[in-house]
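Remarks on the structure that follows.
The values are calculated or read from the model by the stated rules, or taken from the named source; none is laboratory data. This structure is a prediction, so every number in the text was calculated from the model and none was measured. We place every Cβ from the backbone using ideal geometry, glycine too, and count neighbours over all the protein chains shown. Heavy atoms of the whole protein, side chains included, go into the accessibility calculation; ligands, DNA and RNA do not. Shrake-Rupley method; radii C 1.70, N 1.55, O 1.52, S 1.80 Å.
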Amino acid sequence: MVDIRNLERRWLKYKIKSYAPYVGAVIAVFFVFLSIAYYSVDTQESESTVEKEQLNIPVKESSSTTAPQSDESSAVLEPSMDFVQSFQTSTPSTQIPTAPAPQNTKPLQQSIPLPKVLNVPQSASIKASPPAVSPTSADKPFSLNRNESKPDIESVERRFKETSNANLGLFIARYHYDHGNYSEAYNFSLKTNSLNSNIDESWIIFIKSLVKLGRVEQAKKTLHLYISESNSESARSLLDSIERGTFK
Amino acid sequence: MESSLFSKPRDLFLDVVNPRDYVQIDSVSHMYQSLKNSVQKPLKMILLFGKPGTGKSMLLHKLHHDLSKHQKVLMFDIPIVDEDDFLRVLAQRIFGHAPREVMTLTRFLEIAEAVSYADVPIVLLDEAQLYSSSLMEKIRLISDARAIKFVITLHKTDKEDVIAKEHFQTRIWESIELQNASADELKVYVQKKLLKANCFDVANMFNDKNMKLITSLTKGNYRDTNKLLFSLFSLYYWYEENHPTLIKYNALKSKWIEMAAIHTGLIRG
């Protein structure tokens, strides 16, 4: 005789057992989605923070000469105002001459025009200069003032170490090249290339640094390899200038 | 007392081998026909093999039932493992000769030679894996001498491939493998069996979903299906007596199929 009650109990146990793996799988999938969502939000936040920091490098420490910002972005560098403070004791007021914003400005390749600072008219004040710089019409490109000083580049280097952001690496390599620190420029452009091998300018700085460091043959070899990989026009013209001996 | 709708179907699925209960399914019918054809050929030994519950014994009984009307056929559904007894029973029942002395193979072949039939007598050996190697060798020699034609059934297990056995590797003249049924075949099997016994209402309760579940539980094995359905109709019988309102007559309850499977040990509860 069949014991129906016992059989029903066993059947219930069987059903619970058979559904357990599915319930477990659903819970696991839910947690996986949850963790992915959490991770993606976290990554986005950290990326936006890095971007903000990158944008804030010049803006954060810029002097009162900062031009009004517009949506169209093109950076115009202005010399660091820190050293001007030292002149302020001897000269009551110093006006920094402001050149009109060049169209194709390479921000960090521009050197600080120190002589101009020394020839500024004495009557003008520093604070008076920004209106002259700021674009009045919408057609004019957005000007971004940048304050480059040693503490700045150190903080950027520190941030580069923390974030391994290729753009920061390029920034630093460019800075050092512009300042004649070719070994540092070489190092940072090399790091940048290892992080992102598609940045043309980083390769150019790397090769230029090699030339400056006297390793011309290695520079040429690298340049040949890079041209064969990327077909870069700027790399070709650089190779041409190196081979002709016109590169300085 | 036996007025229950489910008592007759329950008894139909008792696991007994009766050639009258043979149900014609396409694949089994094909197998049976090829077996019959093989028996007609001048072959000496025919092997019927498959996993337990695939219908080997039923096919052998059916063959015995059909052939015994026309020729000398002997069925050994319970193996006689003693060699002397085996030869003595064969000599007596096939050739009608019961010598008092010890029956040796040579003596048996002499008797077989002395008695001649128009058709070679057929001996059907079920569960041949239970015979000893020595007796199997004698069976082979008897068949080689064309004294008797043997049809034997063997279990095919996963561990042991019977075809590879020494006796059968070079001695098999024809082999037929039986396999488990598909869901469709099993449905035909169950419904034909029920309809044959005029259980029309119960036969209509089997839908495709039910049959898929039954096939997945029994893996298409006929013996397991019989056991499961016997148990299932026992449950229905109980519910019909105690909770008749729970029974739905348009389909079988999956829950009760699973309960029957737990009861028969096909799944663990």
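Listed values, structure above:
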{"item": "Test: residue B:267 is within 27 Å of the chain's Cα centre (by Cα), within 11 Å of chain A (Cβ to nearest Cβ) and without any contact (Cβ under 8 Å) to a residue 24 or more places away in the chain", "result": "no"}
{"item": "Hey, residue B:256 within 13 Å of another protein chain (Cβ to nearest Cβ) and without any contact (Cβ under 8 Å) to a residue 12 or more places away in the chain or not", "result": "no"}
{"item": "Some residue of segment B:221-228 being under 19 Å from residue A:14 (Cβ atoms) and of a type in the set (Val, Ile, Thr)", "result": "no"}
{"item": "Any hit, segment B:188-195, residues being of a type in the set (Lys, Arg), under 19 Å from the mean Cα position of the chain (by Cα) and modelled with pLDDT of 85 or more", "result": "yes"}
{"item": "Scan of segment B:15-28 for residues that are outside any loop (DSSP other than H, G, I, E, B) and surrounded by 12 or more Cβ atoms within 10 Å (Cβ to Cβ), ordered by number", "result": "B:19, B:21, B:27, B:28"}
{"item": "Pairs where the first residue, in segment B:106-118, is touching a residue at least 24 places away in the same chain (Cβ under 8 Å) and the second is loosely packed, with under 15 Cβ neighbours inside 10 Å and among the charged types (D, E, K, R), C-beta under 8 Å, 6+ apart", "result": "none"}
{"item": "From B:237, B:249, residue being within 14 Å of chain A (Cβ to nearest Cβ) and more than 12 Å from residue B:186 (Cα to Cα)", "result": "B:237"}
{"item": "Residue count for segment B:237-269, restricted to those that are of a type in the set (Ser, Thr, Tyr) and out of contact with any helix residue (DSSP H, G or I) (no Cβ under 7 Å at 6 or more places or on another chain)", "result": "1"}
{"item": "Selection count, segment A:1-50, where residues are open to solvent by 50 Å² or more (accessible area, probe 1.4 Å) and either within 14 Å of chain B (Cβ to nearest Cβ) or touching a strand residue (DSSP E or B) at 6+ places or on another chain (Cβ under 8 Å) (or both)", "result": "12"}
{"item": "Restricting segment B:200-223 to residues that are open to solvent by 40 Å² or more (accessible area, probe 1.4 Å), part of a helix (DSSP H, G or I) and closer than 21 Å to residue B:267 by Cα, the residue that is nearest to the other protein chains (Cβ to nearest Cβ)", "result": "B:216"}
{"item": "Qualifying residue in segment B:133-147 (condition: of a type in the set (S, T, N, Q) and modelled with pLDDT under 75)", "result": "no"}
{"item": "Out of A:228, A:209, A:232, sole residue that is at pLDDT below 90 and open to solvent by less than 20 Å² (accessible area, probe 1.4 Å)", "result": "A:232"}
{"item": "Only listed residue being more than 26 Å from the chain's Cα centre (by Cα) and assigned to a helix (DSSP H, G or I), chosen from B:112, B:118, B:98, B:91", "result": "B:112"}
{"item": "Number of the condition not met by residue B:124 [criteria: (1) farther than 30 Å from residue B:215 by Cβ; (2) at pLDDT 90 or above; (3) not in a helix (DSSP H, G or I)]", "result": "(1)"}
{"item": "Tally of residues being modelled with pLDDT under 90, aliphatic (A, V, I, L, M) and under 15 Å from residue B:261 (Cα atoms) across segment A:1-43", "result": "2"}
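Results for (1) touching a residue at least 60 places away in the same chain (Cβ under 8 Å); (2) under 14 Å from the mean Cα position of the chain (by Cα); (3) assigned to a loop (DSSP other than H, G, I, E, B), shown as yes or no for each residue.
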site	(1), (2), (3)
A:169	no, yes, no
A:184	no, no, no
A:198	no, no, yes
A:201	no, yes, no
A:206	no, no, no
A:210	no, no, no
A:222	no, no, no
A:227	no, no, no
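Matching residues to (1) part of a helix (DSSP H, G or I); (2) open to solvent by 50 Å² or more (accessible area, probe 1.4 Å):
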site: B:192; (1), (2): yes, yes
site: B:198; (1), (2): no, yes
site: B:225; (1), (2): yes, no
site: B:234; (1), (2): yes, no
site: B:248; (1), (2): no, yes
site: B:261; (1), (2): yes, no
